[in-house]
Amino acid sequence: MDIKDAIKKAIACVKDLFSDEHIGHIGLEEVRLNEVEGLWEITVGFSRPWDSPKSVYNNFNEMLNPTPPQMRHYKIVKIDDASGEVKSIEIREVVHA
């Protein structure tokens, strides 16, 4: 399977499985072909609606403070390179320095 097909499949899978949560801002974060296991490891990031910050406005409807960025969630989608079958979806832990 080629890289573009693997990415499309991973993103489509995340959109489908999390559709009830109305996720947004879905995007590709990382791609790696694990040649030993024959798996594409594709990290897909997204935001959930309940993680969206509230904006603060003054009397003139001007923003007092910039809106902080939405929290991101990351999932590693593992896809079999030969068959194209999704094998797993795992949480991708992010360590902030």
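Bear in mind these aren't lab numbers, they're just calculated from the coordinates by the rules spelled out. For clarity, every value in this text was computed on a predicted model and none was experimentally measured. Every residue, glycine among them, receives a Cβ derived from its backbone with ideal geometry; neighbour counts consider all protein chains shown.
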Scalar couplings 3J(HN,Hα) for segment 80-91 by Karplus 6.51 cos²θ - 1.76 cosθ + 1.60 (θ = phi - 60°), nearest whole Hz, x for Gly and Pro, are 5, 5, 6, 9, x, 7, 6, 9, 6, 10, 10, 6
Order of Phe18, Phe46 under a 10 Å beta carbon neighbour criterion, fewest first: Phe18, Phe46
Got a sec? Which residues in segment 2-37 would a label at Asp51 touch, if it sits 7 Å along Cα→Cβ and we count backbone N under 12 Å? 23-27
So how much slack lies between Lys8 and Ile26, counting 0.36 nm per residue of separation and subtracting their Cα-Cα distance, in nm? 5.3 nm
For Leu39, what residues show an amide H to amide H distance below 5 Å, using hydrogens built from the backbone and excluding near sequence neighbours? Asn34, Asp81
For Lys78, list the lysines whose Cα falls under 25 Å from its own Cα; do not include residues on the same chain fewer than 8 positions away. Lys4, Lys8, Lys9, Lys15, Lys87
Search the structure for amide H atoms under 5 Å from the amide H of Arg92, placed 1.01 Å from N in the peptide plane, and list their residues when 5 or more places away or on another chain. Tyr74, Lys75, Ile76
